[in-house]
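Below is one structure, written out as structure tokens; comments come after it.
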Amino acid sequence: MSKRSHLLGLVLVWSAGLVLAVGTFVYVLSQPDFLFHPARDLELRATYDTYRQTGVLLIKPNGSGSWYGAVEGTGMTRASGDDDPGIYLVASLMSHLTDASSPYTGLRWLMALVSALPMLVLPAFVSALVRRTWAGLAMLLVPLVALVTNHGEVLTGSNYGQSDDASLVPVYAVYALPGAIVFGSLVLLGYAYAREVSTRWLVALSIVSVAIAGFSNLLRGLSGIGVALALGVLWFVQARRSRRWVTAAGLGVVVAGLAAGVSLLVPKLAMDLVEQQRADAVTVETSSTMANAPWDNLYLGLSWPQPMTGEESTFGVPWSDEHAWARAAEERPGTLPFTPEFDEVMREVYLDEVRAAPGKAARLYAEKTAFTAEHFAAALGVIALGLVVVAVTARRLDPVVGRRLGVAALIAVPTVVFGFLPPVLVMPMLYYVSELVAGLAFLSVLSLAGCVWAVAALVESRRGRASAAEGA
């Protein structure tokens, strides 16, 4: 390829990215404000308004905001309560840019920006990965692929604004923003692999990716773990170029473990800084609440399929926070919701239920797995099609590009695996599949890229045979 042709290809590919990014940004920005569930909505507004008045993060007048975890007293108290605090932090800080009376304005702008950024890089990533300009340009079809794989939604990597009979409140920023961040991170890691960055750049990328994964964890617990673990894949590939398999694999495992561990520390470090700022402003001590008590979520997951179909759970557990609170108080009188003691009680209650009926529990989780897979049947079908096409084409024509597509797919595997856990362990509602949507969207993009590459490789092969025949 001539220098001029290469430059033209770059211009076309990055222009395609610009078109996708601008289109995505305008589309998300044009959406209505997707309000939080009622308790969260009240908490968000109280936190946001108080920050605009005082400049102190995550505080609110006692008695305002969510009714969960309310305590006696007057004055300022800690905000965000039992929830992951990141979205309240982000909404408050966005007020400096929007100066809006509503917290949803800033969240919508941020959602639009985070959704658009990976689209800018996507065509260049794919073009570099399969070494075909046409594959990059084909990314203009990604919104059409999303229509098929994302339940009629043109947005790629996020289920922002979706709703159904079981999830009546449209998916809002608490869930959609971490999903969009995860998808963008996967594209960034994929682009770094495709460009075969140096070790120095990979170190810098790792630091940035761990910070992003930690920020995602701050927004929604554990949502960034898949991204942190994916760094192990890149370091394995980097080390494999000059070291043996065992050494490279060991390095990949170590990096993945370190990245995941540090990403889990980021929320704590961020909240320590917030606590230093708000300690003097708080006059009402809240109870020792914890974000999304995990054993409570697992226990409520036994209510399947009641919140999805209305049928009674085989465990007799309703999909109700109030039921869990009452059950904890029954087991240990005086237990307050969303405290470490509450989570300890719910752990005992959950494990007792599962131990008493392991067969029913196994069947329940198998049903939720099947339901989740069925929900994403279109995406899984597109991914399977791409896998078959790439495998056949790589074996016949170009195994090198086939391997590159395979490694890029491995980057998304941790996110997909972790993405299945919330809908299966808790409930396969739209609010619990954000990370899974991001991982499957990344694999769907690779499937499209692989199919375009296969067609291009086949055409080139036939042209090569025809030229050879003419020469003979």
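The values are calculated or read from the model by the stated rules, or taken from the named source; none is laboratory data. These numbers were taken from a predicted model, which means no experiment stands behind them. So basically every Cβ, Gly included, is an ideal-geometry build from the backbone, and we count neighbours across all protein chains shown. With ligands, DNA and RNA removed, areas are computed over all heavy atoms of the protein, side chains included. Shrake-Rupley method; radii C 1.70, N 1.55, O 1.52, S 1.80 Å.
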Those helices (runs of 4 or more DSSP H) completely within the range 114-194 that have 1 or more residues that are under 18 Å from the mean Cα position of the chain (by Cα) are 142-149, 173-194
If Phe215 satisfies every condition in (1) without any contact (Cβ under 8 Å) to a residue 60 or more places away in the chain; (2) assigned to a helix (DSSP H, G or I) but one, which is the exception? (1)
In the range 196-208, is there at least one residue being assigned to a loop (DSSP other than H, G, I, E, B) and closer than 17 Å to Leu113 by Cα? no
Here are Leu10, Leu18: which of them is modelled with pLDDT under 95, more than 20 Å from Thr105 (Cα to Cα), assigned to a helix (DSSP H, G or I) and within 30 Å of the chain's Cα centre (by Cα)? Leu10
Determine if the range 194-204 includes at least one residue that is out of contact with any Lys or Arg (no Cβ under 7 Å at 6 or more places or on another chain), in contact (Cβ under 8 Å) with a residue 12 or more places away in the chain and farther than 23 Å from Leu440 by Cα. yes
Residue check, Ala438 open to solvent by less than 60 Å² (accessible area, probe 1.4 Å), under 23 Å from Glu153 (Cα atoms), assigned to a helix (DSSP H, G or I) and in contact (Cβ under 8 Å) with a residue 12 or more places away in the chain: yes
Matching residues in the range 80-90 - criterion: being open to solvent by 10 Å² or more (accessible area, probe 1.4 Å) and modelled with pLDDT of 95 or more: Leu89, Val90
Working carefully through the options Leu57, Leu120, Leu110, Leu93, find the one that is open to solvent by 20 Å² or more (accessible area, probe 1.4 Å), modelled with pLDDT of 95 or more, in contact with a Gly (Cβ under 7 Å, 6 or more places away or on another chain) and on the phi < 0 side of the Ramachandran plot. Leu120
Does the range 218-231 hold any residues that are in a helix (DSSP H, G or I) and either open to solvent by less than 10 Å² (accessible area, probe 1.4 Å) or touching a Phe, Trp or Tyr at 6+ places or on another chain (Cβ under 6 Å) (or both), and which are they? Leu219, Ile225, Gly226, Val227, Ala228, Ala230, Leu231
Sort through Trp134, Trp235 and tell me the only one that's modelled with pLDDT of 95 or more, open to solvent by 10 Å² or more (accessible area, probe 1.4 Å) and in contact with a helix residue (DSSP H, G or I) (Cβ under 7 Å, 6 or more places away or on another chain). Trp235
Selected residue (criterion: farthest from Asn62 (Cα to Cα)) from residues of the range 76-101 that are assigned to a helix (DSSP H, G or I) and of a type outside the set (A, V, I, L, M): Thr98
Can you tell me which of (1) buried (at least 22 other Cβ atoms within 10 Å of the Cβ); (2) more than 22 Å from the chain's Cα centre (by Cα); (3) among the β-branched types (Val, Ile, Thr); (4) closer than 25 Å to Tyr160 by Cα is the one Thr50 doesn't meet? (4)
Kindly list the number of the only condition in (1) open to solvent by 80 Å² or more (accessible area, probe 1.4 Å); (2) of a type outside the set (S, T, N, Q); (3) assigned to a helix (DSSP H, G or I) that fails for Trp67. (3)
Failed condition for Arg45, given (1) of a type in the set (Lys, Arg); (2) over 14 Å from Tyr172 (Cβ atoms); (3) open to solvent by 40 Å² or more (accessible area, probe 1.4 Å), with all others met? (2)
